[in-house]
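In what follows, a structure is listed as structure tokens, so that the remarks can point back to it.
The values are calculated or read from the model by the stated rules, or taken from the named source; none is laboratory data. Because the structure is a prediction, the values reported are computed rather than measured. FYI the Cβ positions are ideal-geometry reconstructions off the backbone, even for glycines, and counts take in every protein chain you see.
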Amino acid sequence: MRPHGMAPDPAAGDVTPAVLAIGRPDFPNILIDTLRRQAGVGHCMVFALTRAGAARCLLDAGNIPTGGDLGAAYAGQFHESDPNRDALFEREGSAPIMLPAFAPRMYGARYRKIFFNDSGIVDKFATAIWVDDTCFYVNFYRIAAQGRFSAVQLARLQSIAPAIGASVARHFQQAATATPDQTLAALFATRAPLAALTPREQEVCRRILLGFSSEAISQALGISLHSTLTYRKRAYERLGISSQNELFGIVLRLLAGPHGLN
């Protein structure tokens, strides 16, 4: 339910910019810009954790000047004392993981001093997703100058976190030689439920995922705008969805899942 007095936001939950930036050098900047607009996130850090005990900081973007140092410290030793560690490793699988709400008392004194007191971090929200033997652990932060996440911002993060986590996982997996269109073509040709669409429905959906407007899709395919909208409606009905974001969600789950494009 929308909080009283809040006007509808047509862009709410739109993670399209981050999705379209997968595999590009500017992905970190696009990601943090998207998170800032959608939920007031100040900083984002991504870690790759393995069952063998290794940890790496993959992404550090936002408004924490010491983010790089924090990432190195976490990957070096503090990942072993992260109170979220049990939740991460007990829930291995392809489904997104939502971590418990942030509470400073969860963390040891030294951890709190380095990662929260000294850095100015006052709030945190986290999600994760396993891909094969790697857990992509995605953390969203707010610093003292921003204050804690509001209830609305936390609800927004809950909504977009699965797509963000899958986008991050796919970004760090994606082969450099594959173009987005080639990746989508292979996905639509081989993976359910996308492969069940008609050829024209697939063409329309692929262009939606590539960021084409309905008018641009019509021009590219040489069909009327009415036909484009009809194919989109039929495709969404077959897939059991009602929005572009849900279409992105299907694709990202397939891409980040254990089978990838195999």
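Just a few scattered comments:
- Search result, residues across region 26-68 that are over 17 Å from Ser119 (Cβ atoms) and part of a strand (DSSP E or B): Ala48, Leu49, Thr50, Ala55, Arg56, Leu58
- Lone qualifier among Leu225, Leu247, Leu221 - being under 21 Å from the mean Cα position of the chain (by Cα) and among the hydrophobic types (A, V, I, L, M, F, W, C): Leu247
- Hits in region 184-199 (condition: touching a Lys or Arg at 6+ places or on another chain (Cβ under 9 Å) and not aliphatic (A, V, I, L, M)): Phe188, Pro193, Thr198
- Any hit, region 91-98, residues being at pLDDT 95 or above, in contact with a helix residue (DSSP H, G or I) (Cβ under 8 Å, 6 or more places away or on another chain) and surrounded by 14 or more Cβ atoms within 10 Å (Cβ to Cβ): no
- Checked against (1) of a type in the set (Gly, Ala, Ser); (2) modelled with pLDDT of 95 or more; (3) surrounded by fewer than 13 Cβ atoms within 10 Å (Cβ to Cβ), Ser150 meets all criteria but (3).
- Positions within region 139-161 being among the β-branched types (Val, Ile, Thr) and within 11 Å of the chain's Cα centre (by Cα), in sequence order: Ile160
- Check on Leu221, more than 25 Å from Ala128 (Cβ to Cβ) and touching a Pro at 6+ places or on another chain (Cβ under 7 Å): no
- The one condition in (1) buried (at least 17 other Cβ atoms within 10 Å of the Cβ); (2) assigned to a helix (DSSP H, G or I); (3) at pLDDT below 95 that Asp14 fails to fulfil: (2)
- Selection over region 22-33 of residues that are free of Cβ contacts under 8 Å to residues at least 24 places away in the same chain and either aromatic (Phe, Trp, Tyr) or surrounded by 15 or more Cβ atoms within 10 Å (Cβ to Cβ) (or both) gives a count of 2.
- Condition check for Phe102: modelled with pLDDT of 95 or more and outside any helix (DSSP H, G or I): no
- Among residues that are in contact with a Ser or Thr (Cβ under 9 Å, 6 or more places away or on another chain), at negative phi, part of a helix (DSSP H, G or I) and in the same structural domain as Ala95 (by TED's automatic domain parsing), Ala161 is included.
- Contact map, region 204-223: first residue outside the structural domain of Arg234 (by TED's automatic domain parsing) and at pLDDT 95 or above, second residue surrounded by 13 or more Cβ atoms within 10 Å (Cβ to Cβ) and not in a helix (DSSP H, G or I), Cβ cut-off under 7 Å, separation 6 or more or different chains; the map is empty.
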